[in-house]
Amino acid sequence: MKQSTRMMLKKHGWRLDRFVHNYFYFLFYYPYVRILGTFVASLKYLTWCRPLVPVGKMVFNRYHSKVLSYEDTRKIFTLNEDIHVDSDGNKRIIPYKYATRIIFQEPEFIAVMDCPCKKATGAAPEDIHSCIAVGRSVASFWLEHCEKYNPRKISQAEALSIIDRFRKTGHITQAFFKVATGGSTGVICNCHPDTCVSLQATRLASGIDQSLSMTAGSGYSVRHDPDKCAHCRACEKICRFGAIAFVDGQRIYDHSQCLGCELCVQQCFQDALSLYTDPVKPLPLDLDRIRGSL
């Protein structure tokens with residue numbers, strides 16, 4: 001048995017069912033997500049089906065993501081100590097019932113691999129190599145078992161450069177949580193609504209019920225300084241959630257649609273936009289804040 005398999009088995013303990021799910025989930029990452037993507041695509045024909053609401057909540061409580069701002073992402077990829085937070089307080093950051101553990105063990109051990117969502121949705125070849133595992137547990141499994149998905153070990157600096165490259169082309173950064181993989185974070189991906197099954201699931205499921213979402217916002221909203229704004233509309237063009245629009249020359253910001261990804265802030269060369277921690281939204285996955293609470 002390979003070392004990474006033993007680590008996975010130890011992580012799940014007596015829950016052998018979760019170990020088996022975790023093992024085959026990564027071993028057959030692409031077909032797993034491709035089948036899931038087919039089901040997600042069918043949701044657009046089922047907006048009338050109210051019985052799907054409890055099913056959706058059951059699924060999304062077990063598999064979901066947290067949008068990350070650039071600064072919170074940078075803190076993850078410069079982390080040089082273990083972080084292990086497993087309490088009900090985590091639900092203030094990741095507002096779901098089960099998969100809420102914030103664990104970065106050996107965070108300097110990082111691997112990047114082909115993204116199954118991008119492969120399944122026909123993304124450009126140069127964009128596919130974009131899924132990042134932080135921590136020896138997941139990264140070493142990718143390296144030892146997932147050769148067909150082109151995994152390779154990378155440094156923290158290279159991981160951050162991958163994030164930088166994708167954010168420049170309008171990809172948001174997400175940390176994923178899944179009960180079957182231990183209920184904790186560790187996989188961070190560069191996601192675009194056109195090629196991300198997770199973002200598509202949230203968009204289509206909300207057509208059935210507005211409460212259905214597998215995408216938790218970053219915890220931030222955007223502050224606008226009209227005196228600095230040049231009305232260049234760069235923020236409107238880069239926004240992936242329809243939160244910004246210009247109507248009759250006026251900038252309109254839909255606070256409820258904004259997930260605080262920070263793309264618009266980075267695109268604003270007039271420094272007219274900034275993030276602030278929004279008290280009505282889940283707390284950010286900010287490692288400085290989390291360490292301060294320990």
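Would you mind telling me the antiparallel percentage of the DSSP bridges in the range 220-277, rounded to 5?
Counting DSSP beta bridges with both partners in the range 220-277, the antiparallel share is about 100 percent.
Quick one: of LYS118/LYS237; LYS66/LYS119; LYS97/LYS237; LYS44/LYS237, which pairs are farther than 32 Å apart, Cα to Cα?
Flagged as over cut-off: LYS97/LYS237.
Just to verify a number: FRET efficiency for GLN210 and ASN61, C-beta to C-beta distance, R0 = 25 Å, to 0.05?
It comes out at approximately 0.90.
Working out 0.36 nm times the residue gap between ARG15 and PHE269, then minus their Cα-Cα distance, what length gain in nm do you get to one decimal?
Here the segment from ARG15 to PHE269 would lengthen by 86.4 nm.
Before anything else, pin down the relative contact order of the range 3-216: Cα pairs under 8 Å, at least 6 apart, normalised by residue count, whole percent.
Value for the range 3-216: 29 percent.
Near SER4, within a Cβ-to-Cβ distance under 9 Å, what is the net charge of the other residues, with Lys and Arg +1 and Asp and Glu -1?
Spelling it out: positives minus negatives among the neighbours equals +2.
What base-10 log of the normalised intensity I(q)/I(0) is obtained for the range 164-225 from the Debye formula, alpha carbons as equal point scatterers, at q = 0.14, 0.25, 0.27 Å⁻¹?
Debye intensities relative to I(0), on a log10 scale: -0.51, -1.20, -1.22.
Using a simple spin-label model with points 7 Å from Cα along the Cα→Cβ vector, what separation in nm is obtained for GLU147 and VAL280?
Between GLU147 and VAL280, the label points sit 5.4 nm apart.
Using 16 Å as the cut-off for backbone N distance, which residues of the range 186-226 belong to the label zone defined by a point 7 Å from the Cα of GLN3 along Cα→Cβ?
none
In whole angstrom, and with the biggest value first, how far do the Cα coordinates of the chain range along each principal axis?
If we take the Cα atoms of the chain, the spans are 64, 47, 40 Å.
Pulled fully out, how much extra length does the chain show between SER155 and SER256, if you take 0.36 nm times their separation in residues and subtract their Cα-Cα distance?
32.7 nm
What is the helix-to-structure angle for 3-12, meaning the angle in degrees between its Cα long axis and the longest Cα principal axis of the chain, kept from 0 to 90 and rounded to the nearest 10?
So the inclination is approximately 70 degrees.
What ranking of LEU285, LEU143 emerges when the number of other C-beta atoms within 10 Å of each C-beta is taken as an exposure proxy, fewest first?
LEU143, LEU285
For the chain, the longest stretch holding no chymotrypsin sites (Phe, Trp or Tyr not before Pro) located in a DSSP loop with at most 11 other Cβ atoms within 10 Å is which?
49-268
In terms of Cα to Cα distance under 15 Å, which aspartates and glutamates are near enough to LYS228, apart from those fewer than 8 places away along the same chain?
Of all the aspartates and glutamates, those that pass the test against LYS228 - Cα under 15 Å, at least 8 places apart if same chain - are ASP271.
Each reported figure results from applying straightforward, stated rules to the coordinates on display, with no laboratory input. This one's a predicted model, so the numbers in the text were calculated from it and none came from an experiment. Every residue, glycine among them, receives a Cβ derived from its backbone with ideal geometry; neighbour counts consider all protein chains shown.
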